[in-house]
1. Only one of these is more than 28 Å from GLY179 (Cα to Cα) and either open to solvent by less than 80 Å² (accessible area, probe 1.4 Å) or modelled with pLDDT of 95 or more (or both): PRO50, PRO24, PRO93, PRO88. Name it.
2. Considering the range 122-133 alone, what residues qualify as being over 22 Å from SER154 (Cβ atoms) and either loosely packed, with under 15 Cβ neighbours inside 10 Å or in contact with a helix residue (DSSP H, G or I) (Cβ under 6 Å, 6 or more places away or on another chain) (or both)?
3. Keeping to the range 117-174, report how many residues are of a type in the set (S, T, N, Q) and either at positive phi or touching an Asp or Glu at 6+ places or on another chain (Cβ under 6 Å) (or both).
4. Going by what's in this entry, would TRP30 be described as outside any strand (DSSP E or B), modelled with pLDDT under 95, hydrophobic (A, V, I, L, M, F, W, C) and surrounded by 12 or more Cβ atoms within 10 Å (Cβ to Cβ)?
5. Which one of the conditions (1) within 30 Å of GLY219 (Cα to Cα); (2) open to solvent by 30 Å² or more (accessible area, probe 1.4 Å); (3) in a strand (DSSP E or B) does ILE317 fail to meet, given that it meets all the rest?
6. In the range 281-293, is there at least one residue being in contact with a Ser or Thr (Cβ under 9 Å, 6 or more places away or on another chain), open to solvent by 30 Å² or more (accessible area, probe 1.4 Å) and on the phi > 0 side of the Ramachandran plot?
7. Within the range 57-73, identify whether any single residue is touching a strand residue (DSSP E or B) at 6+ places or on another chain (Cβ under 7 Å) and under 27 Å from MET183 (Cβ atoms), and answer yes or no.
8. Please verify whether ARG106 is among the basic types (Lys, Arg) and open to solvent by 70 Å² or more (accessible area, probe 1.4 Å), treating the condition exactly as stated.
Amino acid sequence: MSRFQSFYQQIAGNKLLHWLETLPAQLKNWERDALHGDFKQWQKVLDHLPVAPKSCVELKNKVEFGLPEELNDGQKQRLEVLLRQLMPWRKGPFTLHGLTIDTEWRSDWKWDRVLPHISPLQSRTVLDVGCGSGYHLWRMKGEGAEFVVGIDPSQLFYCQFEAIKHFNPDPTVHLLPVGIDDMPELKAFDTVFSMGVLYHRRSPVDFLAQLKQQLRPGGELVLETLVIEGDEQAVLMPTDRYAKMRNVWFIPSTAALLLWLQRVGFKNAKVVDLSVTSLDEQRKTGWMENESLIDFLDPTDHSKTIEGYPAPLRAVITAQA
């Protein structure tokens, strides 16, 4: 039986039914390809996670499952050893039975910036495009979303999500290892989030159109991305890397981004938050030991990246389909 069978059964009874025309074949191919590389080892991690009571679930202010006393010392040590095999952990933090995964990003800070400006998620069907290991999926559920779907093609992010979900197997929260290019035009979601993805896309305007294709008429887009200062014609295209990242293509000004959204057909687009990424929000930890923001900035001038571009400035934009 496919590991995604329960998801298929659920959408067979809701407004995502149309997705069943393409999704099972795509995920069957993914499962076949996942037999290669590190996936087998990561799957062994998932298979050996300790069984624990599903007693405590906190999603409103953080993502925390289980009480410390529900695992003995040996189980806690084993849990940490297993979860460290899924490093690096980038988006979080998560707390499982008293064990905190201190991730590279304080994704809760981003959520705190986004939440005051969006339509209430109560009873909504929500999609998060490029969701990483799924931290924000749980926060969306904590705000009352009825059905939450994240998509991200990374095998590691999928396994990290499944490791967390092991301790709270909520049937209404899912991560699917597919990309936006794999999705049909569903026009079914009440809210579509895309946070930290736009600048990784070779064709950002096409990407915005793909996001719109997932929203029902009147549905809300919540877009969070890197921006620069400037007028509506200002767009930065790095020569090679931006903050040591090779896969950064276009970083627009907020004015240019609003124009792109308008051209694609979104309405009421507005910038609701601007924030410079701090060294406390993105940093190296014991759960992510690779380079982080401090290594990506000019050591003598933190207003610039190591390449001399403006340091990361992030905007949150909302718009209606």
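The values are calculated or read from the model by the stated rules, or taken from the named source; none is laboratory data. No experiment lies behind these values; they were computed from the predicted model shown. Backbone-built Cβ (ideal geometry, glycine too); neighbour counts: all protein chains shown. All accessible areas refer to the heavy atoms of the entire protein, side chains included, with ligands and DNA or RNA removed. Shrake-Rupley method; radii C 1.70, N 1.55, O 1.52, S 1.80 Å.
1. Numbers: PRO24 fails: more than 28 Å from GLY179 (Cα to Cα); PRO93 fails: more than 28 Å from GLY179 (Cα to Cα); PRO88 fails: more than 28 Å from GLY179 (Cα to Cα).
Unique residue meeting the criteria: PRO50.
2. We begin by selecting, within the range 122-133, every residue over 22 Å from SER154 (Cβ atoms); these are 122-125.
If the condition is that a residue be over 22 Å from SER154 (Cβ atoms) and either loosely packed, with under 15 Cβ neighbours inside 10 Å or in contact with a helix residue (DSSP H, G or I) (Cβ under 6 Å, 6 or more places away or on another chain) (or both), then GLN122, SER123 are the ones that fit.
3. 3
4. On the way: outside any strand (DSSP E or B): yes; modelled with pLDDT under 95: yes; hydrophobic (A, V, I, L, M, F, W, C): yes; surrounded by 12 or more Cβ atoms within 10 Å (Cβ to Cβ): yes.
Yes: the conditions hold for TRP30.
5. So the condition that ILE317 fails would be (2).
6. no
7. yes
8. no
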